[in-house]
């Protein structure tokens with residue numbers, strides 16, 4: 001049975017609960033309801049939040065939804081879709097910034113971050129982690145997303161960004177939406193192209209990490 005949030009006891013309303021008990025006391029649905037602000041006909045913001053999370057399979061999956069898919073969900077529309085997309089994108093940027101300044105000592109140091117950020121994505125992406133001589137992360141970013149990998153990887157742009165950021169070392173990464181992280185012949189050829197291009201600029205390519213769901217492949221570990 002649907003209900004209005006204002007019909008709930010004040011201590012159970014998401015906004016009041018946030019003020020009184022802090023964000024840690026709220027469920028994903030309650031936080032999402034605050035972002036939505038309001039529901040739709042016959043449906044509260046909390047109802048709508050629960051339905052979105054159920055249909056999406058959780059926040060990570062919901063973050064991969066396009067604006068069109070969000071806006072077409074019953075009770076959403078363009079304004080609410082934009083609010084949700086913006087909030088989830090900000091959360092992603094905040095998480096991506098958490099790697100800056102950290103020291104990468106092994107592929108696993110980068111893999112946990114990459115899996116948390118990107119394992120849920122259904123479209124293929126390619127990115128890079130830029131490091132200094134001491135293996136401290138200067139920046140991590142996705143350079144291309146969507147489309148076929150071979151056509152979306154611009155080696156020249158990658159090298160330009162590395163020079164702009166002042167990187168002397170580099171880790172590249174991409175995903176396999178199929179869930180199988182094993183590298184293809186094209187992945188191996190791409191790695192060699194980037195290694196050679198980086199070498200000409202005195203930049204060391206430390207690794208190429210492929211994320212496939214909960215699994216990964218590291219060219220460094222694979223020899």
Do we find that residue 55 is modelled with pLDDT under 85 and either in the same structural domain as residue 132 (by TED's automatic domain parsing) or surrounded by fewer than 17 Cβ atoms within 10 Å (Cβ to Cβ) (or both) in this structure?
no
Within the range 157-223, which strands (runs of 3 or more DSSP E) (wholly inside it) include 3 or more residues that are closer than 14 Å to residue 141 by Cα?
169-175
Residue selected from the range 6-25 under the condition out of contact with any helix residue (DSSP H, G or I) (no Cβ under 6 Å at 6 or more places or on another chain) and not in a helix (DSSP H, G or I), by the criterion modelled with the highest pLDDT:
22
Right, residue 93: assigned to a loop (DSSP other than H, G, I, E, B), farther than 23 Å from residue 221 by Cα and modelled with pLDDT under 80 or not?
no
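The values are calculated or read from the model by the stated rules, or taken from the named source; none is laboratory data. As the structure is a prediction and not an experimental result, all values here were calculated from the model. Methodologically, a virtual Cβ is constructed for each residue, glycine included, from the backbone with ideal geometry; neighbour enumeration extends over all protein chains shown.
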